[in-house]
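Working notes, beginning with the structure itself.
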Amino acid sequence: MTDKKATLSIEGRADAVELPILTGTLGPDVIDVASLTGNGVFTFDPGFTSTASCESKITFIDGNEGVLLHRGYPINDLAENTTYLETCYLLLNGELPDGTQKADFENLISSHTMVNRSIEQFLSGFSYDAHPMSIMCGVVAAMSSFYHDSLDIANPQHRKITAHRLIAKMPTLAAMCYKHYIGQPYMYPKNNMSYAENFLHMMFGTPCEEPNVNPVLAKAMDKLFILHADHEQNASTSTVRLAGSSGANPFSCIAAGIAALWGPSHGGANQAVLEMLNEIGDEKNIDTFVKRAKDKNDPFRLMGFGHRVYKNFDPRAKVMKEACDEVLAELGMENDPLLKIAKRLEQIALEDDYFVSKKLYPNVDFYSGIIMKAIGIPTEMFTVIFATGRTVGWIAHWDEMISNSYKIGRPRQLYTGPSERAVTPIGDR
Ligand code: SDX
């Protein structure tokens, strides 16, 4: 809190309105407008471009400087020097684990990796080619039906085991979606494997062969999960918070987050990037697509570019690009035609005045799709991978809200519909 105030003078009103200004650790001050309703006015901010919806200690983004901190640690530092489960521990608890805490947390998560066998019945109800995000929305929401013993959201222990169950089971569920699609047996998790190694084993392993996961790909997968772990109050995290503010159970809140993430403007962009690169098909077609992206009358946008907050390089994109080069080198795919198109598009975005003036840089989704395609993951699974990595961020924000005082989220509106009028009897209509 500070003594700083904003004074609002409203035309036609004698008295100015004084509003408190709050200052955080980092980032812009905020004007507390909660009392404005008492003065008969609302704020109006569709898309929340200038609205801080909550106070949080988890993640900080400076869009102009291209900074992303999780509990104060820069994302590139975390990506290079921690594992995904260490970053999960950090997001949930506020501090990085020491050696013992890391080992205990890994064992704890491993003990929750299996899902109830009846989840297989849920998947069998979906057609083989159902989009896996539709399956994930359904089965994650249904998970609340298996844990009646730990749905008291006011109980910190219930909140903690729910967070662990979700982090542990998302890779298992994601891999089950893929196996359902290709008609192969589901693979059980192997608790002696690391998180990302286990995920790739459940995705690409079969009961007929011994586990054989490429460590370079497992490391890249773990880094990919870290880069997707959290991102402040983005659309899906805000959805989780809003659903949670009604007291809904955490599994249904996370399912709401999965639904919001699915959109091509948000987490669905990684699938849209690959579809765009395939549609471009050849470097000679790039200029045509760039022209379309600039055309106000053409709904086409360069997927993987631009961001509501980053008006500089998305720091995750830089790390993702390095991981992309490592994976393609390991697989002998340095001359991947899609990568060549991607690198040419990035160069254009950094030089062309349209993109430079609108500060449209590659975002986290631009290179992630190329890595996942190289690993052998089908495009329909890309957003499922994003959801798997982001689950820890969603549940950390949900827990932060529920463990502090909170109100049900209930925005107001600017009403521009008809004034009151009487119903005309049907015979006279
Ligand atoms: C994620 O919020 C998060 O933190 C999200 C995320 C996370 O980790 O949770 O970072 C993950 O969602 C990354 C973003 C993935 N989406 C895409 O890559 C889809 C393509 N990008 C655009 O749809 C767009 O850039 C958004 C949705 C990401 C941001 O949109 P904004 O902030 O509402 O910006 P805008 O639409 O107002 O665009 C500003 C201008 C517009 O032109 P003008 O009206 O000013 O003339 O830039 C143009 C837009 O037309 N523009 C683009 C463009 N993105 C914006 N033009 C061409 N190609 C693009 N990709």
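The values are calculated or read from the model by the stated rules, or taken from the named source; none is laboratory data. Bear in mind that the values here come from a model prediction, so they are computed numbers and not experimental data. No Cβ is skipped: glycine too gets one built from the backbone with ideal geometry, and neighbour counts run over all protein chains shown. Heads up: the accessible areas ignore ligands, DNA and RNA and are worked out on the full protein's heavy atoms, side chains in. Shrake-Rupley method; radii C 1.70, N 1.55, O 1.52, S 1.80 Å.
Roughly speaking, what is the stretch gain from Leu331 to Ala154, that is 0.36 nm per residue apart minus the C-alpha to C-alpha distance, in nm to one decimal? It would help to have the intermediate numbers written out before the result.
On the way: separation 177, 0.36 × 177 = 63.72 nm, distance 4.85 nm.
Result: 58.9 nm gained on full extension.
Show me, for the stretch 214-225, the HN-Hα J-couplings you get by feeding each phi into the Karplus relation (A = 6.51, B = -1.76, C = 1.60, θ = phi - 60°), rounded to Hz, glycine and proline as x.
5, x, 5, 6, 5, 5, 5, 5, 5, 5, 4, 5
Compute the helix-to-body angle for 195-204: its Cα long axis versus the longest principal axis of the chain, expressed 0 to 90° and rounded to tens.
Orientation of helix 195-204: about 70 degrees from the principal axis.
Going toward the positive end of the dipole of the chain, with +1 on Lys and Arg Cβ and -1 on Asp and Glu Cβ, which of Phe305, Val240, Thr379 do you reach last?
Farthest along the dipole direction, towards plus: Val240.
Find the accessible area per residue for the stretch 330-429; the probe is 1.4 Å, ligands and nucleic acids are left out, and the unit is Å². Walk me through the numbers on the way to the answer.
Values: 5330 Å² over 100 residues.
For the stretch 330-429, the per-residue accessible area is 53 Å².
What is the extension gain from Thr288 to Phe44, computed as 0.36 nm multiplied by their sequence separation minus the C-alpha to C-alpha distance, in nm to one decimal?
On the way: separation 244, 0.36 × 244 = 87.84 nm, distance 3.80 nm.
Here the segment from Thr288 to Phe44 would lengthen by 84.0 nm.
Exactly which trypsin sites (Lys or Arg not before Pro) in the stretch 79-188 are in a DSSP loop and have at most 14 other Cβ atoms within 10 Å?
Details: sites: Lys102, Arg117, Arg159, Lys160, Arg165, Lys169, Lys179; in loops: Arg117.
Passing both the DSSP loop test and the Cβ count: Arg117.
Any idea of the accessible area per residue across the stretch 1-91, 1.4 Å probe, to the nearest Å²?
Values: 5700 Å² over 91 residues.
Accessible area per residue, the stretch 1-91: 63 Å².
Which percent of the accessible heavy-atom area of the stretch 1-156 goes to carbon and sulfur, probe 1.4 angstrom? Please list the in-between numbers first.
Details: 4750 of 9090 Å².
About 52 percent, which is the carbon plus sulfur part of the accessible surface.
So which trypsin sites (Lys or Arg not before Pro) in the stretch 1-101 pass both tests, a DSSP loop state and at most 16 other Cβ atoms within 10 Å of the Cβ? List each step's numbers first, then the result.
Details: sites: Lys4, Lys5, Arg13, Lys57, Arg71; in loops: Lys4, Arg13, Lys57, Arg71.
Sites meeting the loop and neighbour criteria: Lys4, Arg13, Lys57.
Quick one: which residues, 5 or more positions from Val67 or on another chain, have an amide H under 5 Å from its amide H? H modelled 1.01 Å from N in the peptide plane, none for Pro or chain starts.
Those lying under 5 Å, H to H, from Val67 are Asp62.
Under a point-charge model restricted to the Cβ atoms of Lys and Arg (+1) and Asp and Glu (-1), what is the dipole moment magnitude of the stretch 189-256 relative to its Cα centre, in debye to the nearest 20?
Values: 4 positive and 6 negative charges, 30 e Å.
Magnitude of the dipole: close to 140 debye.
Report, by chain and number, residues whose modeled amide H sits under 5 Å from the one on Phe305, excluding near sequence neighbours (fewer than 5 apart, same chain).
Counting only residues 5 or more places away or on other chains, the set is Asn363.
Given the rule -39500 (n - 2.57) for each run of at least 4 DSSP H residues, summed and divided by the residues of the chain, what is its mean residue ellipticity at 222 nm, to the nearest 500 deg cm²/dmol?
Numbers: 17 runs with 208 residues, N = 429.
My calculation for the chain gives -15000 deg cm²/dmol from helical runs alone.
Between Gly427, Tyr186, Ser134, whose Cα lies farthest towards the positive end of the dipole of the chain when Lys and Arg beta carbons carry +1 and Asp and Glu beta carbons carry -1, centred on the Cα centre?
The residue sitting most towards the positive pole is Gly427.
Explain nothing, just the number: dipole magnitude of the stretch 67-163 about its Cα centre with +1 on each Lys and Arg Cβ and -1 on each Asp and Glu Cβ, in debye rounded to the nearest 20.
On the way: 5 positive and 11 negative charges, 51 e Å.
Magnitude of the dipole: close to 240 debye.
Computing the accessible area with a 1.4 Å probe over protein heavy atoms, can you report the carbon and sulfur percentage for the stretch 267-348? Please list the in-between numbers first.
Details: 1810 of 4030 Å².
Exposed carbon and sulfur together represent 45 percent of the surface.
Near the amide H of Leu8, under 5 Å away, which other amide H atoms are found, from residues 5 or more places off or on another chain, if H is placed in the peptide plane?
So Leu8 has HN proximity to Val17, Glu18, Leu19.
In whole Hz and in residue order, list the ³J(HN,Hα) couplings for the stretch 347-361 that follow from phi through the Karplus curve 6.51 cos²θ - 1.76 cosθ + 1.60, θ = phi - 60°; x for Gly and Pro.
Coupling constants for the stretch 347-361: 5, 4, 4, 7, 10, 6, 4, 4, 6, 5, 5, 8, 6, 9, 9 Hz.
Determine the alpha carbon to alpha carbon distance for each of Lys219/Lys291; Lys4/Lys321; Lys223/Lys311; Lys160/Lys359; Lys190/Lys407; Lys359/Lys407 and list only those over 32 Å. Don't skip to the end; give the middle numbers.
On the way: Lys219/Lys291 37 Å; Lys4/Lys321 43 Å; Lys223/Lys311 24 Å; Lys160/Lys359 40 Å; Lys190/Lys407 41 Å; Lys359/Lys407 36 Å.
Where the Cα-Cα span goes over 32 Å, the pairs concerned are Lys219/Lys291; Lys4/Lys321; Lys160/Lys359; Lys190/Lys407; Lys359/Lys407.
Return the sequence-ordered ³J(HN,Hα) values of the stretch 414-429 in whole Hz as given by the Karplus equation 6.51 cos²θ - 1.76 cosθ + 1.60 applied to θ = phi - 60°, using x for Gly and Pro.
9, 8, 10, x, x, 6, 4, 8, 8, 6, 7, x, 3, x, 9, 7
Placing +1 on the Cβ of each Lys and Arg and -1 on the Cβ of each Asp and Glu in the stretch 1-110, which of Ala34, Gly24, Pro97 has its Cα farthest towards the positive end of the resulting dipole?
With unit charges placed on the Cβ atoms, the residue in question is Ala34.
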